[in-house]
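Engineer: Can you keep this structure in mind? I'll have questions shortly.
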Amino acid sequence: MAKFRIHAEYPFYVGGGCIPYTIYFVQKLEEGFFCNKWVDIKGFESKQKAEDLLKLLK
């Protein structure tokens, strides 16, 4: 079964590096032979939208 999480990245600079935003990424864990890595699926400006996608994926 796939594992998902929400990862908040702050500051995420938009507009040439002037405006900081908090972006909430929904991530999926991809398991490799030697190591695992988290891969971004979609990024949102609001945490509610990220939580809605997370519920849909689970």
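Any read-out appearing in this document is the output of simple, stated calculations on the displayed coordinates, not a laboratory observation. Computed from a predicted structure; not experimentally measured. Cβ placement follows ideal geometry from the backbone for every residue including glycine, while neighbour counts extend to all protein chains displayed.
Engineer: Before rounding to the nearest 500, sum -39500 (n - 2.57) across all DSSP H runs of length at least 4 in the chain and divide by the residue total; then give [θ] at 222 nm in deg cm²/dmol.
Structural biologist: That calculation yields -5500 deg cm²/dmol at 222 nm.
Engineer: Another question, then. How big is the chain by the Kirkwood estimate over distinct Cα pairs, in Å?
Structural biologist: Roughly 12.3 Å, rounded to one decimal.
Engineer: In debye, nearest 20: dipole of the chain around its Cα centre with unit charges on the Cβ of K, R (+) and D, E (-)?
Structural biologist: With only Lys, Arg, Asp and Glu charged at Cβ, the dipole is about 200 debye.
Engineer: Let me ask another. Taking the Cα-to-Cβ direction at Phe12 and at Glu45 and moving 7 Å from each Cα, how far apart do the two end points lie in nm?
Structural biologist: According to this spin-label approximation, the distance is 1.1 nm.
Engineer: Relative to the longest principal axis of the chain, what angle (0 to 90°, nearest 10) does the C-alpha long axis of helix 47-57 take?
Structural biologist: Its long axis makes an angle of about 20 degrees.
Engineer: Turning to a different aspect of this structure: For the chain, which chymotrypsin sites (Phe, Trp or Tyr not before Pro) are both in a DSSP coil and crowded by at most 12 other Cβ atoms within 10 Å? Don't skip to the answer; put the middle values down first.
Structural biologist: Values: sites: Phe4, Phe12, Tyr13, Tyr21, Tyr24, Phe25, Phe33, Phe34, Trp38, Phe44; in loops: Phe33, Phe34.
Those satisfying the criteria are Phe33, Phe34.
Engineer: A further question follows. Among Gly15, Met1, Phe34, pick out the residue whose Cα is farthest towards the positive end of the charge dipole of the chain, where Lys and Arg carry +1 and Asp and Glu carry -1 on C-beta, about the Cα centre.
Structural biologist: Met1
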